[in-house]
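Undergrad: Have a look at the structure that comes next, please.
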Amino acid sequence: MAVTGEATQQGEDGTAGGRDSALQTTVALEGDGTTIAQARHLAADFLKRTQVEHGVVVPQRGIDLTQLVVSELVTNARKYAPGPVLMHLRIDGDVVEVEVWDSDPALPMARAADAGRVGQHGLEIVLAVADGFEAQRKPVGKRITARIALLDDDA
């Protein structure tokens, strides 16, 4: 696993700082079966760091849901696409965006509900917990984006 970026604060125009700034980090994930666990830990560390260093409110539920989404998206990328996986985390307001890029251009499709099916429920899980989901083909591969609310409605 190689970290290609640290948490940085950038405005929407890509410049440092600014009132509408966003916190983000990008990580290239390569390697063995520990990649998924490492991605979950990196996501939790990123959220905890932004809470401590930038005062962003991140309840444990937000960390848990982010780790779940990261786990499912990185698992699918490692399982179905050859080569490296790129994970980009971005906090904007009270939402964390989880982007996962891989080299396979095939877009994921949610399967029909089947309580008897063992496994292959990852996309269903992501769609159930995310406030937004997008899958885009790119010149090389695809990018999957899930948006997760950091705060509960009553927080």
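Undergrad: For the subset of the stretch 51-66 comprising residues that are closer than 21 Å to LEU29 by Cα and open to solvent by less than 40 Å² (accessible area, probe 1.4 Å), which member is nearest to the chain's Cα centre (by Cα)?
TA: Out of the qualifying residues, it is THR66.
Undergrad: Return the residues of the stretch 21-41 that are open to solvent by 10 Å² or more (accessible area, probe 1.4 Å) and out of contact with any Ser or Thr (no Cβ under 8 Å at 6 or more places or on another chain); say none if nothing qualifies.
TA: SER21, GLU30, GLY31, ASP32, GLY33, THR34, ALA37, GLN38, HIS41
Undergrad: Right, here's the next one. Under 8 Å between Cβ atoms, at least 6 apart or on separate chains: pull out the pairs that start in the stretch 126-155 with a residue that is without any contact (Cβ under 8 Å) to a residue 60 or more places away in the chain and polar (S, T, N, Q) and end on any residue that is surrounded by fewer than 14 Cβ atoms within 10 Å (Cβ to Cβ) and not in a loop (DSSP other than H, G, I, E, B).
TA: What qualifies is THR145/GLY132; THR145/GLU134; THR145/GLN136.
Undergrad: Pick from the stretch 1-54 the residues that are farther than 22 Å from TRP101 by Cβ and among the β-branched types (Val, Ile, Thr): which of them is modelled with the highest pLDDT?
TA: Selected residue: VAL52.
Undergrad: Quick one: which residue in LEU73, LEU65 is in contact with a helix residue (DSSP H, G or I) (Cβ under 9 Å, 6 or more places away or on another chain), at pLDDT 90 or above and closer than 18 Å to TRP101 by Cβ?
TA: When all the criteria are applied, what remains is LEU73.
The rows are residues; the columns are (1) closer than 19 Å to ARG40 by Cβ; (2) in contact with an Asp or Glu (Cβ under 6 Å, 6 or more places away or on another chain); (3) β-branched (Val, Ile, Thr).
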site	(1), (2), (3)
ALA81	yes, yes, no
MET87	yes, no, no
ILE91	yes, no, yes
ALA106	no, no, no
ALA113	no, no, no
LEU123	yes, no, no
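Undergrad: Another question, then. Please work out if ASP114 is among the acidic types (Asp, Glu) and exposed (fewer than 14 other Cβ atoms within 10 Å of the Cβ).
TA: yes
Undergrad: I need the full set of residues from the stretch 79-95 which are at pLDDT below 90 and either in a strand (DSSP E or B) or among the charged types (D, E, K, R) (or both), in order please.
TA: Residues satisfying the conditions are LYS79, ASP92.
Undergrad: Assess whether ARG78 counts as being open to solvent by 40 Å² or more (accessible area, probe 1.4 Å) and under 9 Å from the mean Cα position of the chain (by Cα).
TA: No; evaluated as a whole, the condition is false for this residue.
Undergrad: Within the stretch 117-134, can you find the residues that are small (Gly, Ala, Ser) and surrounded by 13 or more Cβ atoms within 10 Å (Cβ to Cβ)?
TA: Those that are small (Gly, Ala, Ser) and surrounded by 13 or more Cβ atoms within 10 Å (Cβ to Cβ): GLY122, ALA130.
The values are calculated or read from the model by the stated rules, or taken from the named source; none is laboratory data. Computed from a predicted model, the values in this text were never measured in an experiment. Glycine gets a Cβ as well: all are built from the backbone with ideal geometry, and neighbour counts include every protein chain shown. The accessibility values were calculated without ligands, DNA or RNA, using every heavy atom of the protein model including side chains. Shrake-Rupley method; radii C 1.70, N 1.55, O 1.52, S 1.80 Å.
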